[in-house]
């Protein structure tokens with residue numbers, strides 16, 4: 001399932017927060033309770049690269065993911081450049 005980190009700024013109190021979800025949806029301000037704030041921008045997190053020991057691991061959130069990304073390992077690489085190139089294919 002697609003996964004995003006949404007970045008918000010409240011129209012009422014002007015405070016910032018972020019939240020991760022399976023869409024780029026509106027959220028309520030956790031600071032003042034203002035409702036239906038749209039994200040200013042969102043980071044795509046469906047596929048990510050993590051560094052483990054001497055390897056770079058490509059992870060993907062599966063279609064079966066629900067309230068959490070539930071990342072699954074796709075492939076391991078010796079360099080970050082290789083992992084990035086793999087995701088660009």
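Assorted remarks:
- Among the residues of segment 50-67, those identified as modelled with pLDDT of 95 or more and surrounded by 16 or more Cβ atoms within 10 Å (Cβ to Cβ) are 56, 57, 58, 59, 60, 61.
- The residue that is nearest to the chain's Cα centre (by Cα), among those in segment 42-71 that are part of a strand (DSSP E or B) and over 18 Å from residue 2 (Cβ atoms), is 50.
- Residue within segment 72-89 that is surrounded by fewer than 12 Cβ atoms within 10 Å (Cβ to Cβ), part of a loop (DSSP other than H, G, I, E, B) and at pLDDT 95 or above present: yes
The values are calculated or read from the model by the stated rules, or taken from the named source; none is laboratory data. Quick caveat: nothing in here was measured; it's all calculated off a predicted structure. Here Cβ is always computed from backbone atoms with ideal geometry, including for glycine, and neighbour counts include all displayed protein chains.
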